[in-house]
Ligand SMILES: Nc1ncnc2c1ncn2[C@@H]1O[C@H](COP(=O)(O)OP(=O)(O)OP(=O)(O)O)[C@@H](O)[C@H]1O
Ligand SMILES: [Mg+2]
């Protein structure tokens, strides 16, 4: 597991990480969220010993990475920023080289190479020079190298950033597969749908500070507002819409097309049930009544707006 305690990183006047404390439990997958410049990459670079902390500690499986980086990182695999590989080497050669650096035996390297290339669906390309690879293929290879030495912890900085939609889907599938293998995973991302779908917990930071950290299910409930798209068989009149707008707990009603309107209301099951009843009482036949937007996204917007 990972234990970040009172971590601080300053760059001159800038506090990139500001007294951040965060435990990542064993075998859980934790999403690390926050706007651009919030301090996610800086935190991850400290965890992987690419830069040093100004203050605070980061323990990986009980070993302080700021004091004993080599020992602490022995059980960690990481993908930080866009990976660069030697273009004239093949995946097999690259993994052999990295395996030797990590002190693995030749036998271990060859067994693990097959396993990790298979996991990231790169077996077919095992002896092709990396110089020919697309960004998505390089990203998959980066994930493969992170898993090579069978680490218990995986640390990933925006693993799907810069990929095209297909590349994203492929990497997302690989990450879902990793979850089954019971790694402890700490992953930064801007893709809230992905985090909502794959992670157990998420932490949201802004300007280096932790805003909230909880189980995904609890975070979804933190949303203050919800939006419901209502579709009706007949057209709702202006008057009907304004009556819906006047209901308690309703903040806004916006017509999308003659048969569809979106209601913004305070988030609660009771409020949604009241809305459904009220629309029916107006004599409108409802053919659709569904939430719009991701709960995690709404929570993110609420929290980030508030802290500004
Ligand atoms: N080497 C550096 N020197 C000076 N300032 C830096 C350095 N690295 C990061 N920063 C600053 O620290 C802050 C946090 O940056 P960081 O890259 O950690 O954000 P991030 O959350 O990863 O953002 P993004 O979502 O855009 O990747 C920013 O204000 C950034 O400009
Ligand atoms: Mg970053």
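The values are calculated or read from the model by the stated rules, or taken from the named source; none is laboratory data. Because the structure is a prediction, the values reported are computed rather than measured. Backbone-built Cβ (ideal geometry, glycine too); neighbour counts: all protein chains shown.
Computed values, structure above
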{"quantity": "Lone unmet requirement of (1) under 26 Å from residue 201 (Cα atoms); (2) out of contact with any helix residue (DSSP H, G or I) (no Cβ under 6 Å at 6 or more places or on another chain) for residue 296", "calculated": "(2)"}
{"quantity": "Test: residue in segment 71-80 that is in a strand (DSSP E or B), more than 16 Å from ligand 1 (Cβ to nearest atom) and touching a residue at least 60 places away in the same chain (Cβ under 8 Å)", "calculated": "yes"}
{"quantity": "Selected residue [out of contact with any strand residue (DSSP E or B) (no Cβ under 7 Å at 6 or more places or on another chain), away from ligand 2 (no atom under 14 Å from the Cβ), within 25 Å of residue 125 (Cα to Cα) and part of a loop (DSSP other than H, G, I, E, B)] from 86, 97", "calculated": "86"}
{"quantity": "Sole exception among (1) under 30 Å from residue 54 (Cβ atoms); (2) outside the structural domain of residue 104 (by TED's automatic domain parsing) for residue 214, by number", "calculated": "(2)"}
{"quantity": "Given (1) closer than 21 Å to residue 18 by Cα; (2) touching a helix residue (DSSP H, G or I) at 6+ places or on another chain (Cβ under 8 Å), number of the condition residue 162 does not satisfy", "calculated": "(1)"}
{"quantity": "Filter pass, residue 145 being away from ligand 2 (no atom under 16 Å from the Cβ), under 28 Å from residue 301 (Cα atoms) and assigned by TED's automatic domain parsing to the domain that holds residue 28", "calculated": "no"}
{"quantity": "Any hit, segment 81-92, residues being away from ligand 1 (no atom under 16 Å from the Cβ) and within 19 Å of residue 150 (Cβ to Cβ)", "calculated": "yes"}
{"quantity": "Test: residue in segment 9-32 that is surrounded by fewer than 19 Cβ atoms within 10 Å (Cβ to Cβ), within 12 Å of ligand 1 (Cβ to nearest atom) and closer than 30 Å to residue 127 by Cα", "calculated": "no"}
{"quantity": "Residue 193 outside any loop (DSSP other than H, G, I, E, B), more than 16 Å from ligand 1 (Cβ to nearest atom) and either outside the structural domain of residue 38 (by TED's automatic domain parsing) or more than 22 Å from residue 36 (Cα to Cα) (or both)", "calculated": "no"}
{"quantity": "Where residue 53 falls short, out of the listed (1) outside any strand (DSSP E or B); (2) under 21 Å from the mean Cα position of the chain (by Cα)", "calculated": "(2)"}
{"quantity": "Within segment 36-49, tally of residues that are in a loop (DSSP other than H, G, I, E, B), more than 9 Å from ligand 2 (Cβ to nearest atom) and out of contact with any helix residue (DSSP H, G or I) (no Cβ under 6 Å at 6 or more places or on another chain)", "calculated": "1"}
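Table: residues versus (1) under 24 Å from the mean Cα position of the chain (by Cα); (2) under 14 Å from residue 178 (Cβ atoms).
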site: 84; (1), (2): yes, no
site: 92; (1), (2): no, no
site: 121; (1), (2): yes, yes
site: 150; (1), (2): yes, yes
